[in-house]
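Notes to accompany the following structure.
The values are calculated or read from the model by the stated rules, or taken from the named source; none is laboratory data. Quick caveat, the model's predicted, so the values are computed rather than measured. As a convention, Cβ positions derive from the backbone with ideal geometry for all residues, glycine included, and neighbour counts pool all protein chains shown.
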């Protein structure tokens, strides 16, 4: 290369990059990503995904098929020994399957709130229907009533499947469940069930779209296989006290964080209602969180070794998290507000949590 | 772990941000405007990422947006300069004998816009002629002709330039 040209290139390569540049780029990306996610959500709500109406029916069908043909369709009710007397979170249904080299694993939780007398019977598990684990093939299932609001097709197939597998559908007696709390458990369970099945269906749709596009643009089945696409729906119990229960139900895909979704459940087992940030922090909870988050940021920044977004972005993120009641309760009974990846900090920070002390 | 195009695009942007800045700066001549140009380009790219058909085209696609954003900025600046012909903003061709700066970097920045782009993409970003043709959506032979013209104006021969 000519010497003068080389020098020009050197000068070009030495262009000084302003200190704030990289942060600005990351903030721009974060802002756009948020916009993108909202757009995705809006589309999902409208039932339009990438403009394909036809696809939805097809996927609903394939989801039913999936439930129907899955070998590992584990219809057993596993007892998760995390919870004490009053409430239990059980895996209502879990299955793993592979369709077009897309691996799907789903764990749907189900909350059971029992009244105290029956809770005492927990020592003898066989007495408490929800915890019953009898010989193979006769596992107890959660009440079928919990799935009433789901698509009838899915529900029907479920039952059919259950019968096929020789599993009796032995609903636990609702008498052991306190009346007012039964309503809570039911509505929460319906909500969870809907979230899980909807997420799985949509995730399969998205992955199938991706597959079609991949194959149409010259990708081979073999290459597709190597993508190892995985869809996961699972839950995590965050904390439980005598009176409260916090858990998170999440859906994620390993190839795109843009489609991850989480639901936060905080239940008051005494009153039978969902706990909101407002209940814990008072009417002006947004500004309480705002203030606390701002105070805690410098320490977090130091701990993580990175700078968070500017205050404008953070204010917007706090408002969003507060509005969505995106929190769980820890052992101290304090709400822990969760910010998603990229929401308030560079992606390397992952999701960031702030415990907000009750006043 | 395989990601979708949107995520890949984001990753690409984050990984190559300094390159974008340099190119934007070569048009803008100052930091604030250069940052604005890149920011606008990122917004457009992520908003309209649907226009990106395949991962393979990512680089040329993004540079197209970035170059367009830079040109848009220059046009806007010209418009905002209130004078009929904008004598100082209208970058003149450098004809033989014209008293030109000895600094080739500055000289390149004063070339005709299209020629400027081609030279920058070719030598600074080290794109192939085919990639430049894809980026600027310009016929390959036009790219060659303009590159040749640019080099001639800069008093460089094709051989010297290693093309």
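Is it fair to say residue A:34 is within 12 Å of chain B (Cβ to nearest Cβ) and modelled with pLDDT of 85 or more? Criteria not met by residue A:34. Consider the range A:346-359 and keep the residues that are touching a helix residue (DSSP H, G or I) at 6+ places or on another chain (Cβ under 7 Å) and buried (at least 16 other Cβ atoms within 10 Å of the Cβ). The one that is farthest from residue A:38 (Cα to Cα) is A:356. Once the range B:7-16 is narrowed to residues that are surrounded by fewer than 20 Cβ atoms within 10 Å (Cβ to Cβ) and touching a helix residue (DSSP H, G or I) at 6+ places or on another chain (Cβ under 7 Å), the residue that is farthest from residue B:109 (Cα to Cα) is B:7. Applying the condition of being buried (at least 17 other Cβ atoms within 10 Å of the Cβ), without any contact (Cβ under 8 Å) to a residue 60 or more places away in the chain and in a helix (DSSP H, G or I) to the range B:47-60 and asking which residue is farthest from the other protein chains (Cβ to nearest Cβ) yields B:58.
Put simply, of B:76, B:44 the only residue that is over 12 Å from the mean Cα position of the chain (by Cα), within 11 Å of chain A (Cβ to nearest Cβ), part of a helix (DSSP H, G or I) and at pLDDT below 90 is B:44.
As a summary of the residue check, residue A:246 satisfies the conditions (1) more than 14 Å from chain B (Cβ to nearest Cβ); (2) out of contact with any strand residue (DSSP E or B) (no Cβ under 6 Å at 6 or more places or on another chain) except for the one numbered (2).
Only one of the listed residues (B:65, B:37) is more than 24 Å from residue A:213 (Cβ to Cβ) and more than 7 Å from chain A (Cβ to nearest Cβ). That residue is B:37.
Screening residue A:331 on (1) in a loop (DSSP other than H, G, I, E, B); (2) in contact with a helix residue (DSSP H, G or I) (Cβ under 7 Å, 6 or more places away or on another chain) shows it passes everything except condition (2). Being part of a helix (DSSP H, G or I) and modelled with pLDDT of 85 or more, is that true of even one residue in the range B:80-103? Within the range B:80-103, none of the residues are part of a helix (DSSP H, G or I) and modelled with pLDDT of 85 or more.
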